[in-house]
Amino acid sequence: MNAPDWLTIDGNEAAASVAYRLSEVCAIYPITPASPMGELADAWSAERRRNLWGTVPQIVEMQSEAGAAGAVHGALQAGSLATTFTASQGLLLMIPNMYKIAGELTPAVLHVAARSLACQALSIFGDHSDVMATRQTGFAMLCAGSVQEAQDLALIAHAATLRGRIPVLHFFDGFRTSHEVAKIQGLDDDCLRALIADADVRAHRARALSPEHPVLRGSSQNPDVYFQGRERVNAAYAAFPGIVQQLMDRFAASTGRQYRLFDYLGAADAERVIIIMGSGAEAVHETVEYLNGQGEKVGLLRVRLYRPFDADALLAALPATVRRVAVLDRTKEPGSDGEPLYKDVVTALAQQQMQDGAKFAHMPRVIGGRYGLSSKEFTPGMIKAVFDELDKATPKNHFTIGIQDDVTHTSLAWDADYRTNAHDGFVQALFYGLGSDGTVSANKNSIKIIGESTELHAQGYFVYDSKKSGAVTVSHLRFGPRPIRSTYLIGDNEAAFIACHQPVFLQRYDMLRKAAKGAVFLLNSPELPERVWDSLPRSMQQQMLDKQIRFYCIDAYRVAQEAQMGSRINTIMQTCFFVISDVLPSDQAIAAIKAAVEKTYGGKGRRIVDFNFRAIDAALAALHQVPLPDKVTSDFERPATVAPGASEFVQRFTAELIAGNGDAIPVSLMPDDGTFPLGTAAFEKRNLALEIPVWDAELCTQCGKCPLVCPHGVIRSKLVPQTLLKNAPAGFKSHKVLGKDYPQDHVMMYQVAPEDCTGCGLCVDICPIRDKSNASHKALNMAPIEPLREQEKANWAFFLTLPEYNRREVKTTTIKGSMLLEPLFEFSGACVGCGETPYIKLASQLFGDRMLVANATGCSSIYGGNLPTTPWTTNAQGRGPAWNNSLFEDNAEFGLGMRIAVDKQTEYARELVCDLKGWIGEALAADLRGAEQTDEASIAAQRARVQQLRELLPGIDDPRARELEAVAENLIRKSVWIIGGDGWAYDIGYGGVDHVLASGRNVNILVLDTEVYSNTGGQTSKATPRGAVAKFSAGGKPTAKKDLAMLAMGYENVYVAHVAYAAKDMQTLRTFLDAEAHDGPSLIIAYSPCIAHGVDLSFNHRQQDLAVKSGHWPLFRYEPARAAAGKNPLHLDSAAPSIAYKDFISTETRFNMLWRSHPDVAEEFLARSQQDVNKRYHHYKQLADLPWEEEHGDEKPTKER
Amino acid sequence: MVDLTTDYLGLRLTNPLVPSASPLTRDFDTARRLEDAGAPALVMYSLFEESIEASEAAAARFFHEQAIGYGEADSFLPIPDGYLSELEDYLEQLTNLKQSLHIPIIASLNGISASGWVQYGKQVQEAGADALELNVYYVAANIDESAAEVESRYIELLYELKQHVSIPIAMKLTSQFSSVGHFVKSLEAAGANGVALFNRFYQPDINLETREVVPSLTLSSSYETLLRVHWTAVLFGQVNLSLAVTGGIHTVDDVLKALMAGADVTHLCSVLLKQGPEYLANLLSGLDAWLDEHDYASVRQLKGSVSRKHAIDPSAYERANYVKVMDSHRSSSGVWR
């Protein structure tokens, strides 16, 4: 059992380990949940790991999945062994090339971590929607259902494609398999060699395009022969299932693991059978064994090779006794009379029944159902319900299982408490942690320890929420003596061990719902052991008594601090788990934890290792078992999930999602078209900050910089008449407005939302005002939240009741003034100190009440639109940004479509106004049509006119009045914003960006440039600077950052700017105002520090400043309007580089780690980057200094001639 | 031919011009150029305790932030295989220098705390350092701490280190001790093999615009040699450990004065940073020429010849000298007093 070939890895690594060794070329592109496969391949290549033939594969990152597929196609045609990894929409982008690759009978394997498609919403989780959309391409489809299979079938896929020349799509379930950590038996190179025939590889090479033996492929065929050509491949498809089975048999001979095209499990005389593929089959396997053990006669038919579909093999695998079949599909085909696998099975059975000598006495009754979309839980209770349904006289067809469909009533009911005996003798453990506390990595490490040092089987699955700051993680770990097929979460009353790594969760989650009777509850709490019981909510105390919980506590933060580990508690809590759970002897476990620490940190810092060791040793002494009293003593309950005052929708829907009860949301509560209300983030009080800013009203000069830089929109300014503060809570702060721009009877306030603040401290950092006599005291200072929370909550609540200052009166060209505009983007779950969100917030302040947003997929679409809540919100009039995320690749086009639609409707409205001017009145019609709408006042005036028009229209008896009612709002100027990151704008969406810029239409493109694919974990984009280490550039990116601005300036009618708000806030503000005012395309490229830079984001502003001063990020504006006025359109807003480039990059880990690993290379990159910077500055300077008027003057006569 | 050899920390050196801890030794080629120019030994750039800590903290944070607990990103930055911590980097450079150069290498540790030093000391010894210079840079900002307590920090640290490290140890001192001579004696008793007089401080400076306190460092000037010469002269003959003058050595005259006061070696830093490694050869030939012109057979002959013990007027090294200097100061005529 403990042979060296046992591995504890996840599904992605399992598949990639084979794919890498059997490839020469991997064309990759990041997409969740497949990104780790490409990352691993890249990392292995960087460390010069060799493939099966002893050479290091070439890994190339492409600009999109379409590009990756094209590169794979080319590599294959040129005779290489090529692969790629993808999922979801990425796979869809590969479809055109998949037809080509298959059409040319080219051996290739695509490894897919199958994922939902973006329909009514994007989802990163697993189902078969993506792969099912490719079943017509001609690719064979081989499905793995577990981590073990993800590895094994990867090999079979590569071997089969080489032998049979049909390309193979090898897929497994996203997250459930791709991210499950499991103990599996590895495949060494000999296993690979046993299946891969060199002759097949050489045959592939011999078919390559080569000028030495040239051929033509990819011809254009006509009606005469195309059809025949399509049919010419039939023999290859007919032979392929046999080839796969042969290889499966040979694989069994070398490894002992036997797979079949269709694997039947269960009673030989089963009457009811479930047919299914993917990880769900594992849960069915577990349930079938249990049911048959109980005397039932049921079976499972697991589909491994889905295409080419070998109906005979399927039928042969089914017992002749079968009467009822349920076919489960993990996909939905709206409008179809059944999902793909169901229809295939029905067809197979029907065809068979139509033949002589049918296998079944009667055609079995087949029902189809959907399950598990977007990683929805699929449990034994649900499987039992399906078998039960099969037993009914008229079982429901086209059913769903796992949800409550109270609209079209497709769903089957199931017993949530139903359990198999699969976990007898198992340890099932749950860990609630914060994303940043390292709980997940410690748990992965624990699984490895147990997997590698015991004979136990191990499984780990990790559930994340959608936030980046303060993300909650729940780790589900199982250990036991038998293979684990439970492809579902640990259920209610099941966990023998529950650890709460963050005391704040006591207030948020019902963690003990999952606790089994007699379970251990381990709590990290600052309370003393004798007081910790009283810190628990009442219902939790009751649960503990009812379930006879064994209660342990530790003040892990204290232990961590004393060991100089800061807030890093993971190894401390890990130690406690091992000591309490007894999975391993304590000494052995602790030694293993220490060995893991040594392995991780050993080379990187002795002291980190020592601190960890100290923390591990101290954990034991600080761990206490707390005896349970005999009764409940607590006088408080967990607070309501959302703040009072929330709408009914928020109460019934959003609150349930926040509380983790989303699985119970019935279909009827879901919007039918993916539409949700705005402003919901305000109801989710996350209380993340340990310190919050405190305003010194007397010292403050009211510059407005603090609300500008706040990434979460939690510090706000307001200006109101003094008289409105009559009922202010005691301790509410305000100060007479400074300066002459505003009425002198008004007072200014800078107020923080204490429960929404993340404590990043950037507002204090930017504050320029210091006490004249005490330089350490600013006008804004961080202070511990605890004595302030209640006061500031009251202050914030009062602040919200105060009216906003009239937008028409605000001097928007100043920071102070613009910050009086209400942000319509607030409390996002972006990373603490995010460098992107201040730009979005600024746009929402300036234009939010008339803004349409097209948002590319990425960080901004996730913190902007991931349920349960959205930071996009409305003003008191109910107006606000209307937001949508189409895809990653098409965002510019998506936004352009919005613009065109608005423009068209505006034009139509104006035509109707003209037509109806007899009724409306000449003057109003003329004003409506001629309104300039260049500033807040003129826009407000137009709003008033439109309102006047709306009041008139109902009285006009003309069908055109009805038409105008529907489109009149378009007479008010709308502002279209196309927002996304550099991965979109520089890479996958660049073609669209380019086209939209060229269109000349009035759109505003905001590129939040973090210089990497931030959302998927920091992969290289074309915005990544030379010398930066990023995923896919482990040795430092060798090429310079693409100059997107320069490319855009080439169009001459595009407003282009580089901004960095913390380096020059006025320039940023000016840019946003001018870009929006420009009647044509605008491109704002915004420097956005990101955690992927390896910088503590409390230095966000410093990094922006260094980027500008070093010349890495020159500030400039290219204004076509200036050219029209005879001036040079390019204006440099930052001075010549004033510090060495090295002074900038030495502060960021993404650059300076290369000095630690490859100093020579780093020096060379630095020298070249310094040249780049100098050269670019001079180039820009020359352009900005060009004598525009004369040139323009010279040109004119030429044109006239 | 003048015999330029000298003994320092028990090492026989070909001459007394030893490049001190500076960025020059960070670069391998520069180190080789120093050797070629005649450097008899090298004190490596300092391994700063704060810097090790900062880089380890950065590494820890970096590892920490690899996982933010977010489903779409298992990690952020790839960690290259060849990633070395600051300490390992230092040890690797030390090993490389030892392997490629023929002269002794003195490692330099700079810091304040006792923790870690023993380990670092052992590691540099294992990496092949011929001696260790310990630069205990402690700012006695706590006004409740007495001078004796401050001194005992140094002594205890040295004592502790001597238990574990067998290579010679030189203590690099600041001039801010109330009784430098007594303190040096105590260090000798605790096992110090030498002292280097004196450290130059980064002085905190105030940025008038931001009102932030920022560190500043200016390169030394010859004038600064005098303080070192003074104390070397006082110590020579009263203690038996090696004496090094560091800080302000720019010219052959500076070197001569330090040697006459009793230094075994003089450390060069600013002058080499300004003039380049090859300038060491100039100083060396200047020293040789001076000794030759003045009929000195060896550096040993010169060493301590104008120490307090051997000075024409020993009181010139004492307070009387101070009065004389003050007395000699006259304002320019026309200045109202």
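How many residues does the stretch A:991-1001 hold that are touching a residue at least 12 places away in the same chain (Cβ under 8 Å) and within 30 Å of the chain's Cα centre (by Cα)?
Pass one, the stretch A:991-1001, residues touching a residue at least 12 places away in the same chain (Cβ under 8 Å): A:992-1001.
Among the residues that remain, those that are also within 30 Å of the chain's Cα centre (by Cα) are: A:992-997.
Within the stretch A:991-1001, residues that are touching a residue at least 12 places away in the same chain (Cβ under 8 Å) and within 30 Å of the chain's Cα centre (by Cα) number 6.
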Could you check the stretch A:219-270 and list, in sequence order, the residues that are more than 30 Å from A:ARG323 (Cβ to Cβ), touching a Leu at 6+ places or on another chain (Cβ under 8 Å) and among the charged types (D, E, K, R)?
A:ARG250
Picking from A:LEU1006, A:LEU1069, A:LEU1047, which residue would you name as being away from every other protein chain (no Cβ under 14 Å), farther than 20 Å from A:ILE59 by Cβ and either free of Cβ contacts under 8 Å to residues at least 12 places away in the same chain or not in a helix (DSSP H, G or I) (or both)?
A:LEU1006
Quick one: B:ALA60 ticks every box in (1) touching a residue at least 24 places away in the same chain (Cβ under 8 Å); (2) within 8 Å of chain A (Cβ to nearest Cβ) except a single one, so which number is it?
(1)
Checked against (1) more than 27 Å from A:ARG550 (Cα to Cα); (2) modelled with pLDDT of 90 or more; (3) out of contact with any helix residue (DSSP H, G or I) (no Cβ under 7 Å at 6 or more places or on another chain), A:ARG652 satisfies every condition except (3)
Looking at (1) assigned to a loop (DSSP other than H, G, I, E, B); (2) among the hydrophobic types (A, V, I, L, M, F, W, C); (3) without any contact (Cβ under 8 Å) to a residue 40 or more places away in the chain, which one does A:ALA1062 not meet, given that it meets all the others?
(3)
Across the stretch A:358-417, the tally of residues that are more than 33 Å from the chain's Cα centre (by Cα), more than 20 Å from A:ALA270 (Cβ to Cβ) and crowded, with 21+ Cβ neighbours inside 10 Å stands at 0
From A:LEU620, A:LEU545, which residue is farther than 22 Å from A:GLN428 by Cβ, assigned to a helix (DSSP H, G or I) and among the hydrophobic types (A, V, I, L, M, F, W, C)?
A:LEU620
Index of the failed condition, B:LEU157 passing every other in (1) part of a helix (DSSP H, G or I); (2) crowded, with 19+ Cβ neighbours inside 10 Å; (3) at pLDDT 90 or above; (4) aliphatic (A, V, I, L, M)
(3)
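In the stretch A:1013-1044, what residues are among the hydrophobic types (A, V, I, L, M, F, W, C) and either within 17 Å of A:ILE59 (Cβ to Cβ) or away from every other protein chain (no Cβ under 12 Å) (or both)?
Within the stretch A:1013-1044, the first condition is being among the hydrophobic types (A, V, I, L, M, F, W, C), and the residues that meet it are A:1023, A:1028-1030, A:1032, A:1034, A:1040, A:1044.
Once the filter is applied, which keeps residues that are among the hydrophobic types (A, V, I, L, M, F, W, C) and either within 17 Å of A:ILE59 (Cβ to Cβ) or away from every other protein chain (no Cβ under 12 Å) (or both), the stretch A:1013-1044 yields A:ALA1023, A:VAL1029, A:ALA1030, A:PHE1032, A:ALA1034, A:ALA1040, A:LEU1044.
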Every residue in the stretch B:54-82 that is at pLDDT below 75 and among the hydroxyl-bearing types (Ser, Thr, Tyr), please.
none
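Take the conditions more than 10 Å from every other protein chain (Cβ to nearest Cβ) and in contact with a strand residue (DSSP E or B) (Cβ under 8 Å, 6 or more places away or on another chain) and apply them to B:PRO78. Does it pass?
Numbers: more than 10 Å from every other protein chain (Cβ to nearest Cβ): no; in contact with a strand residue (DSSP E or B) (Cβ under 8 Å, 6 or more places away or on another chain): yes.
Considered against the rule, which asks whether it is more than 10 Å from every other protein chain (Cβ to nearest Cβ) and in contact with a strand residue (DSSP E or B) (Cβ under 8 Å, 6 or more places away or on another chain), B:PRO78 comes out as no.
Where residues in the stretch A:433-472 are acidic (Asp, Glu) and part of a helix (DSSP H, G or I), which of them is farthest from the other protein chains (Cβ to nearest Cβ)? Before the answer, list the steps.
Residues of the stretch A:433-472 that are acidic (Asp, Glu), as a first pass: A:437, A:452, A:455, A:465.
Filter once more, so that each one left must be part of a helix (DSSP H, G or I): A:437, A:452.
On the way: A:ASP437: 8, A:GLU452: 20 Å.
Residue satisfying both the conditions and the ranking: A:GLU452.
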Which of the residues spanning the stretch A:548-563 are surrounded by 17 or more Cβ atoms within 10 Å (Cβ to Cβ) and either without any contact (Cβ under 8 Å) to a residue 40 or more places away in the chain or assigned to a loop (DSSP other than H, G, I, E, B) (or both)?
A:ILE549, A:ASP555, A:TYR557, A:ALA563
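Does A:PHE387 qualify as being in a helix (DSSP H, G or I) and not acidic (Asp, Glu)?
Numbers: in a helix (DSSP H, G or I): yes; not acidic (Asp, Glu): yes.
Criteria met by A:PHE387.
Is it fair to say A:TYR552 is within 14 Å of another protein chain (Cβ to nearest Cβ) and under 18 Å from A:ALA442 (Cβ atoms)?
Values: within 14 Å of another protein chain (Cβ to nearest Cβ): no; under 18 Å from A:ALA442 (Cβ atoms): yes.
No, not satisfied.
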What's the number of the only condition in (1) modelled with pLDDT of 95 or more; (2) away from chain B (no Cβ under 14 Å) that A:GLY983 fails to meet?
(2)
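A quick yes/no check of all residues on (1) more than 28 Å from A:TYR237 (Cβ to Cβ); (2) within 14 Å of another protein chain (Cβ to nearest Cβ); (3) touching a Pro at 6+ places or on another chain (Cβ under 7 Å); (4) of a type in the set (Lys, Arg):
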position	(1), (2), (3), (4)
A:LEU7	yes, no, no, no
A:CYS26	no, no, yes, no
A:SER45	yes, yes, yes, no
A:MET98	no, no, no, no
A:GLU104	no, no, no, no
A:ALA108	no, no, yes, no
Output the residue which, of all residues in the stretch A:9-18 that are away from chain B (no Cβ under 14 Å) and in contact with a helix residue (DSSP H, G or I) (Cβ under 6 Å, 6 or more places away or on another chain), is farthest from A:GLY79 (Cα to Cα).
A:ALA14
Are any of the residues in the stretch A:1104-1118 modelled with pLDDT under 95, surrounded by fewer than 21 Cβ atoms within 10 Å (Cβ to Cβ), on the phi < 0 side of the Ramachandran plot and not acidic (Asp, Glu)?
no
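In the list B:LEU97, B:LEU132, which residue meets the criterion of being more than 10 Å from chain A (Cβ to nearest Cβ), under 27 Å from A:GLU1163 (Cα atoms) and among the aliphatic types (A, V, I, L, M)?
Only one candidate passes the filter, namely B:LEU97.
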Of the residues in the stretch A:773-822, those that are of a type in the set (Ser, Thr, Tyr), within 14 Å of chain B (Cβ to nearest Cβ) and buried (at least 16 other Cβ atoms within 10 Å of the Cβ) come to none
Members of the stretch A:307-326 that are surrounded by 18 or more Cβ atoms within 10 Å (Cβ to Cβ), outside any helix (DSSP H, G or I) and touching an Asp or Glu at 6+ places or on another chain (Cβ under 8 Å):
A:PHE309, A:PRO319, A:VAL322, A:ARG324, A:ALA326
Quickly run through the stretch A:597-614 and pick out the residues that are surrounded by fewer than 20 Cβ atoms within 10 Å (Cβ to Cβ) and either more than 13 Å from chain B (Cβ to nearest Cβ) or within 33 Å of the chain's Cα centre (by Cα) (or both).
A:GLU598, A:LYS599, A:THR600, A:GLY602, A:GLY603, A:VAL609, A:PHE613
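Taking the stretch A:711-736 as the region of interest, how many residues are assigned to a loop (DSSP other than H, G, I, E, B) and surrounded by 22 or more Cβ atoms within 10 Å (Cβ to Cβ)?
Going residue by residue through the stretch A:711-736, those that are assigned to a loop (DSSP other than H, G, I, E, B) are A:711-714, A:726-734.
Next cut, surrounded by 22 or more Cβ atoms within 10 Å (Cβ to Cβ) only: A:711-714, A:734.
Within the stretch A:711-736, residues that are assigned to a loop (DSSP other than H, G, I, E, B) and surrounded by 22 or more Cβ atoms within 10 Å (Cβ to Cβ) number 5.
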Being surrounded by fewer than 24 Cβ atoms within 10 Å (Cβ to Cβ), touching a residue at least 60 places away in the same chain (Cβ under 8 Å), away from every other protein chain (no Cβ under 14 Å) and on the phi > 0 side of the Ramachandran plot: is that true of A:GLY79 here?
yes
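Mind listing just one residue for me: the one in the stretch A:62-93 that is among the aliphatic types (A, V, I, L, M) and under 24 Å from A:ALA203 (Cβ atoms) and, of those, farthest from the chain's Cα centre (by Cα)?
Applying the first criterion (among the aliphatic types (A, V, I, L, M)) to the stretch A:62-93 yields A:62, A:66, A:68-69, A:71-72, A:75-76, A:78, A:81-82, A:87, A:91-93.
Narrowing the set further to residues that are under 24 Å from A:ALA203 (Cβ atoms) leaves A:69, A:71-72, A:75-76, A:78, A:81-82.
On the way: A:ALA69: 23, A:ALA71: 26, A:VAL72: 26, A:ALA75: 30, A:LEU76: 32, A:ALA78: 35, A:LEU81: 31, A:ALA82: 28 Å.
Filtering the stretch A:62-93 for residues that are among the aliphatic types (A, V, I, L, M) and under 24 Å from A:ALA203 (Cβ atoms), the one farthest from the chain's Cα centre (by Cα) comes out as A:ALA78.
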Got a number for residues in the stretch B:34-57 being small (Gly, Ala, Ser) and away from chain A (no Cβ under 13 Å)?
5
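The values are calculated or read from the model by the stated rules, or taken from the named source; none is laboratory data. Here the structure is a predicted model, which is why all the values come from computation and not from measurement. Heads up, the Cβs are rebuilt from the backbone with ideal geometry, glycines too, and the neighbour counts pull from every protein chain shown.
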